[in-house]
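Here's the structure, in structure tokens; my notes come after.
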Amino acid sequence: MNEQHRVRRLLSGLAIPLMILVGIGLARAQTETGQLVGIVMDPNGAVIPGATVTVKSVVTGAERRTTTDQMGNYVVTNLLPAVYEVTVEAPGFAPAKRRVQVTVGSRVALDFTLEVGRPVEEIEVIAEAGTLVNTETQTIAQVIDSRKIVELPTLTRNPYALVITAGNVSPADPTGRGVGVAINGLRAAGTNVLLDGAANNDEFVAAVGQSIPLDAVQEFSVITNNFTAEYGRASAGIVNVA
């Protein structure tokens, strides 16, 4: 009995750190990737449960599938920043297809209204759904996408030097290297810099920890207000690089 008790205590002791590590991994994944949420309805506004939602990356061709719940809602998480083609299918309705851009750390809403029709029919919206207005959270952020990263001038080719192009952001590094930023007039120590979901801060000098090449950055977002709990220690704002 004593031996069994010791084994149980040992397993319990190992389970707690393992759960903490898993939680950290999930938190990192949520900050570097985006989410796609929405509701699927018929022309009368009634929800359609059990509809198949396929999300396909236009860049890589990788696909993710899910189904709507009893309330017609769907959620697709851990999407890397990219343009996605979203197709919704349900028995008795014509499939619908739309394109949407998912940015780093974003939560994008994309609702569908399916028309009654045969499965061979398909309704496709060529234009990409706009994502400039965030209707899902109160977070205030600005995304610097790959096009801006290429076109904006930078003498040092340091991607972090482009952070100051966002609103309410100013350089806090007196050397001009562009590695320390103050958001909303607060101290640079209150800015949390994330690289692929992990903290990238030099706490001793309140600056970026690891420098990275400009060509290695796909996009980044600068979150200045109302950021959510998964961003942790930040008191001024977040620079989220992917």
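Within segment 185-205, the set of residues being surrounded by 18 or more Cβ atoms within 10 Å (Cβ to Cβ), of a type outside the set (S, T, N, Q) and in contact with a Gly (Cβ under 6 Å, 6 or more places away or on another chain) comprises ALA188 only.
Results for (1) polar (S, T, N, Q); (2) free of Cβ contacts under 8 Å to residues at least 40 places away in the same chain; (3) part of a loop (DSSP other than H, G, I, E, B), shown as yes or no for each residue.
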{"site": "THR154", "(1), (2), (3)": "yes, no, yes"}
{"site": "ALA161", "(1), (2), (3)": "no, yes, no"}
{"site": "ILE164", "(1), (2), (3)": "no, yes, no"}
{"site": "GLY167", "(1), (2), (3)": "no, no, yes"}
{"site": "ALA182", "(1), (2), (3)": "no, no, no"}
{"site": "VAL193", "(1), (2), (3)": "no, no, no"}
{"site": "SER211", "(1), (2), (3)": "yes, no, yes"}
{"site": "PHE227", "(1), (2), (3)": "no, no, yes"}
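The set of residues in segment 205-237 being within 15 Å of the chain's Cα centre (by Cα), farther than 23 Å from GLU151 by Cα and not charged (D, E, K, R) consists of PHE227, THR228, ALA229, TYR231. Exactly one residue out of GLY105, GLY92 is modelled with pLDDT under 90 and out of contact with any Leu (no Cβ under 8 Å at 6 or more places or on another chain), and it is GLY105. Taken over segment 135-181, the criterion of being of a type in the set (Val, Ile, Thr), touching a Ser or Thr at 6+ places or on another chain (Cβ under 8 Å) and either closer than 21 Å to ASN201 by Cβ or at pLDDT 75 or above (or both) is satisfied by THR139, ILE140, VAL143, ILE144, ILE164, VAL169, VAL179, VAL181. Condition (residue is surrounded by fewer than 13 Cβ atoms within 10 Å (Cβ to Cβ), modelled with pLDDT of 80 or more, over 18 Å from VAL104 (Cβ atoms) and not basic (Lys, Arg)) applied to segment 119-132: is it met by at least one residue? No, every residue in segment 119-132 fails to be surrounded by fewer than 13 Cβ atoms within 10 Å (Cβ to Cβ), modelled with pLDDT of 80 or more, over 18 Å from VAL104 (Cβ atoms) and not basic (Lys, Arg). If you go through segment 68-89 and keep only what is surrounded by 22 or more Cβ atoms within 10 Å (Cβ to Cβ) and either at pLDDT below 90 or assigned to a loop (DSSP other than H, G, I, E, B) (or both), you end up with THR68, PRO81. The residue of segment 138-157 that is surrounded by the most Cβ atoms within 10 Å (Cβ to Cβ), among those that are among the polar types (S, T, N, Q) and out of contact with any helix residue (DSSP H, G or I) (no Cβ under 7 Å at 6 or more places or on another chain), is THR139.
Evaluating SER12 against the criteria (1) assigned to a loop (DSSP other than H, G, I, E, B); (2) at pLDDT below 85 leaves one unmet condition, (1).
The values are calculated or read from the model by the stated rules, or taken from the named source; none is laboratory data. Computed from a predicted structure; not experimentally measured. Here Cβ is always computed from backbone atoms with ideal geometry, including for glycine, and neighbour counts include all displayed protein chains.
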